[in-house]
Amino acid sequence: MSTSLQNLVNRPYAHGFVSDIESDTAPKGLSEDTIRLISAKKNEPEWLLELRLKAYQQWLTMTEPQWPNVTYPKIDFQSISYYSAPKPKKTLNSMDEVDPELLRTFEKLGVPMNERAKLAGVAVDVIFDSVSVATTYKAKLAEVGIIFCSISEAVHDHPDLVRKYLGSVVPVGDNYYAALNSAVFTDGSFCFIPKGVKCPMDLSTYFRINTENSGQFERTLIIAEEGASVSYLEGCTAPKFDTNQLHAAVVELVALDNADIKYSTVQNWYAGDENGVGGIYNFVTKRGLCKGVNSRISWTQVETGSAITWKYPSCILRGDNSVGEFYSVALTNHRQQADTGTKMIHLGKNTRSTIVSKGISAGRSNNSYRGLVRIAPTAAGARNYSQCDSMLIGEQCGANTFPYIQVNNPSAKVEHEASTSKIGEDQLFYFAQRGIGAEEAVSMIINGFCKDVFQQLPMEFAVEATKLLGLKLEGSVG
Amino acid sequence: MIYQDSKTLLAVRDLRATVNGIEILKGMNLTVRSGEVHAIMGPNGSGKSTFAKVLAGHPAYEVSAGEVQFDGSDLLGLAAEARARAGVFLGFQYPIEIPGVANSQFLRLAYNTVQVERGKDELDPLEFDDFVREKMKLLEMNPEFLARSVNEGFSGGEKKRNEILQMALLEPKLAILDETDSGLDIDALRIVAGGVNQLSGKDNAIVLVTHYQRLLNYIVPDYVHVMDAGRILKTGGKELALELEARGYDWVAAEAKEQAGARA
């Protein structure tokens, strides 16, 4: 690989700083007592404690999945602290009362939440180490009957809804990390769009992991009732640490008849340094249930961070004529490892799914697409189209595609296309010969490569994503 | 055309270059003045394309000795993109395909980069669209090529026209056209050559790298150089190309050897 190409992919993480905010952190280790402590701290009802304990009991019988194409040292689950909350100086009544240090952190991240939220018309439910600090625009959304709050609040204010849907898409014992999350989740977002309501603005959450060694277990639940629609944005950054941080989130989406949920993610967590030291372990379970007829769930993700990504946003297409979509850009650099993709489970008649996956590997990273398309015997007339493209930058990275296709209905139609391309010296020389430097050339090639996915992002996010990819690959060109 | 008051645009002195440790250029000498058209001919493997790439700054080639002055300044110290901005253009023998990047976007970025370098205004997408469509007429190119990915799925002839279109947009001082005639049918050759001729003027120069005399029927050179084993063995006028067409290259090498023997 030429020197310029090497420099190009070696730009340090811009968001690596630690905020000095006092944290209320539980002792390390996981036991029934820890779970009871979390539940008590959060003043939870008995049914939720039971759900947590049931999940914990299942988790104890399970083993970590070994099938992903990633390697990392064994995680010591007893060395993690399972609860950490910023100590509030007093009860917060408005944004003005938020810890100034916290606000400065958001400034550094480029998320001035009050101004930005107002200017952009985006309600930002900010998560800072597991506990929601402030929820904006809540009142405005409440006017049309939309509930957008932290899941802890929802547990207290809307217990029937939470109890009805929590764990209905991702059961407590679904997989190792989902079981762990169900046992110890501390906070997350809850969103409920009632029958017939089109959410008037994009709902957005910025996540940030702050306390070292505080594993973060977020829980998100989004419900769109009959004929409702919502676009939800999730954006993440994390500060720089030398010890790995475990992140095991669960996101559940439920779409009833004719409902539409669009879930977009731009993820930029700390990925570790050039040598693979530090970085987030991101083991996430995201699943949407198209429960009703003609419902639609669309996942769009731009994954650029984390040392290890293990993530398969999926759709269960139960309602007849329901639609599942997955648009993904996964970029890995340095020593990053990603094993990511989707699952489209076709159960209802005439269900349709689209998968567009773009993997970009640079440095010595390894980027795998893993996807399942399953057509059940009941899914007459089901259709799937999958496109998996990989791009390699340099000589030392890897890309893999693992498509699993299971068709059990003869009337189904499944298409799969795949390609691999490479940004090499000759392409960059062609740009250079026309006066265009390597950074701009790579940015142009990458944006061209990712076009089909970026088009799916909300306008503002698309701009952010374009910049982010540039940032992840830029550097001083020598 | 040879002008009396022309200035030296390119001066190559004893240039040696290697790729993967193998020496390909073994003492190249060439002087090109503004307004002139030079043709470099020679057998396969003589180093013609390497010479073109070394001048343009391809990173795979290492210059081991010699110097190159371009427009009065050292060229070899500049990165490839700086050479391009200074006015060195290479028409590629095999233009690179860039999937996903629209040709219009690529052409505009290249054009604006050079405009900025020259202290001129950039064009926005709409202004550029009008501008580039005019230039495309010169090469009888269908405007649909603007919307397609750069060179992707283009035929050989379409790729070469796209190269000359870039030359037309960038208005280089020195255009090195590496086997621009290869892969062209007779109509395409006429169109491409016509485009080059229109772009040729008093203040720029063209170096044609070619195997065949037929291109030189359309673009008439002032000088013809015969290259073999990494250096220029013989230089003559346009009639030399006809002689090469009739007699091949072997006699040039034999003659050079004889002269060298006579000197010794």
Options A:ARG374, A:ARG335: the member that is modelled with pLDDT under 95, away from every other protein chain (no Cβ under 14 Å) and surrounded by fewer than 24 Cβ atoms within 10 Å (Cβ to Cβ):
A:ARG335
Of all residues in the range B:3-17, which are over 13 Å from the mean Cα position of the chain (by Cα) and surrounded by 18 or more Cβ atoms within 10 Å (Cβ to Cβ)?
B:LEU9, B:VAL12, B:LEU15, B:ARG16, B:ALA17
Would you list the helices (runs of 4 or more DSSP H) that sit entirely within the range A:1-87 and hold 2 or more residues that are surrounded by fewer than 18 Cβ atoms within 10 Å (Cβ to Cβ), modelled with pLDDT of 60 or more and of a type in the set (D, E, K, R)?
A:32-41, A:46-60
Of the residues in the range B:63-103, how many are within 12 Å of chain A (Cβ to nearest Cβ) and either β-branched (Val, Ile, Thr) or not in a loop (DSSP other than H, G, I, E, B) (or both)?
18
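Go through B:LEU75, B:LEU126, B:LEU90 for me and flag whichever is more than 30 Å from A:ASP389 (Cβ to Cβ) and either under 17 Å from the mean Cα position of the chain (by Cα) or among the small types (Gly, Ala, Ser) (or both).
B:LEU75
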Has the range A:442-458 got at least one residue that is without any contact (Cβ under 8 Å) to a residue 40 or more places away in the chain, in a strand (DSSP E or B) and either within 7 Å of another protein chain (Cβ to nearest Cβ) or farther than 22 Å from B:LEU107 by Cα (or both)?
no
If I go through the range A:422-438 residue by residue, how many of them are at the interface with chain B (Cβ under 7 Å from one of its Cβ atoms), under 14 Å from A:GLY448 (Cβ atoms) and touching a residue at least 12 places away in the same chain (Cβ under 8 Å)?
1
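Report, by residue number, each residue of the range A:374-418 that is closer than 26 Å to B:PRO59 by Cβ and in a strand (DSSP E or B).
We begin by selecting, within the range A:374-418, every residue closer than 26 Å to B:PRO59 by Cβ; these are A:390-399.
Within the range A:374-418, A:SER390, A:MET391, A:LEU392, A:ILE393, A:GLY398, A:ALA399 meet the criteria.
Would you check if A:PHE454 is touching a helix residue (DSSP H, G or I) at 6+ places or on another chain (Cβ under 8 Å) and surrounded by 15 or more Cβ atoms within 10 Å (Cβ to Cβ)?
Numbers: touching a helix residue (DSSP H, G or I) at 6+ places or on another chain (Cβ under 8 Å): yes; surrounded by 15 or more Cβ atoms within 10 Å (Cβ to Cβ): yes.
Spelling it out, A:PHE454 is indeed touching a helix residue (DSSP H, G or I) at 6+ places or on another chain (Cβ under 8 Å) and surrounded by 15 or more Cβ atoms within 10 Å (Cβ to Cβ).
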Can you say whether B:VAL116 is among the β-branched types (Val, Ile, Thr) and surrounded by fewer than 22 Cβ atoms within 10 Å (Cβ to Cβ), as far as the supplied structure shows?
yes
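Taking A:LYS311 as the residue in question, decide whether it is buried (at least 22 other Cβ atoms within 10 Å of the Cβ) and over 29 Å from A:LYS349 (Cβ atoms). Let's see the steps before the verdict.
Numbers: buried (at least 22 other Cβ atoms within 10 Å of the Cβ): yes; over 29 Å from A:LYS349 (Cβ atoms): yes.
When the stated conditions are applied, A:LYS311 passes them.
Can you tell me which residues in the range A:415-435 are of a type in the set (Lys, Arg) and at pLDDT 90 or above?
Just the residues of the range A:415-435 that are of a type in the set (Lys, Arg), to begin with: A:422, A:434.
Scanning the range A:415-435 gives a single hit, A:ARG434.
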Output for the range B:31-49, where each listed residue is surrounded by fewer than 22 Cβ atoms within 10 Å (Cβ to Cβ) and either of a type in the set (A, V, I, L, M) or within 14 Å of another protein chain (Cβ to nearest Cβ) (or both)
B:SER49
Being under 22 Å from A:PRO65 (Cβ atoms) and among the acidic types (Asp, Glu) is the filter here, so list the residues in the range A:273-317 that pass it.
A:GLU303
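Just to be sure before I move on: is A:ASN321 touching a residue at least 12 places away in the same chain (Cβ under 8 Å) and not in a strand (DSSP E or B) in the structure I sent? Talk me through it step by step, then tell me what you get.
On the way: touching a residue at least 12 places away in the same chain (Cβ under 8 Å): yes; not in a strand (DSSP E or B): yes.
Against the criterion (touching a residue at least 12 places away in the same chain (Cβ under 8 Å) and not in a strand (DSSP E or B)), A:ASN321 qualifies.
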Among the residues that make up the range B:157-177, is at least one of them in contact (Cβ under 8 Å) with a residue 12 or more places away in the chain, within 25 Å of B:LYS53 (Cβ to Cβ), more than 14 Å from every other protein chain (Cβ to nearest Cβ) and surrounded by fewer than 22 Cβ atoms within 10 Å (Cβ to Cβ)?
yes
Scanning for something out of contact with any Cys (no Cβ under 8 Å at 6 or more places or on another chain) and within 14 Å of another protein chain (Cβ to nearest Cβ), does the range B:9-21 turn up at least one residue?
yes
B:LEU233 fails exactly one of (1) at positive phi; (2) in a strand (DSSP E or B), namely (1)
Where in the range B:1-60 are there strands (runs of 3 or more DSSP E), lying wholly inside it, with at least 1 residues that are polar (S, T, N, Q) and closer than 26 Å to B:GLU171 by Cα?
B:8-19, B:22-33
Keeping to the range B:104-155, report how many residues are within 14 Å of B:LEU170 (Cα to Cα), of a type in the set (A, V, I, L, M) and within 13 Å of chain A (Cβ to nearest Cβ).
5
Quick check on this structure: which one of A:ALA462, A:ALA380, A:ALA412 is aliphatic (A, V, I, L, M), surrounded by fewer than 24 Cβ atoms within 10 Å (Cβ to Cβ) and at pLDDT below 85?
A:ALA462
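Does A:GLN406 satisfy being within 14 Å of another protein chain (Cβ to nearest Cβ), at pLDDT 85 or above and surrounded by fewer than 18 Cβ atoms within 10 Å (Cβ to Cβ)?
Working: within 14 Å of another protein chain (Cβ to nearest Cβ): no; at pLDDT 85 or above: yes; surrounded by fewer than 18 Cβ atoms within 10 Å (Cβ to Cβ): yes.
No, not satisfied.
The values are calculated or read from the model by the stated rules, or taken from the named source; none is laboratory data. Owing to the predicted nature of the structure, the values given are computational and were not obtained by experimental measurement. Note that each Cβ is placed from the backbone with ideal geometry, even for glycine, and that neighbours are counted across all protein chains shown.
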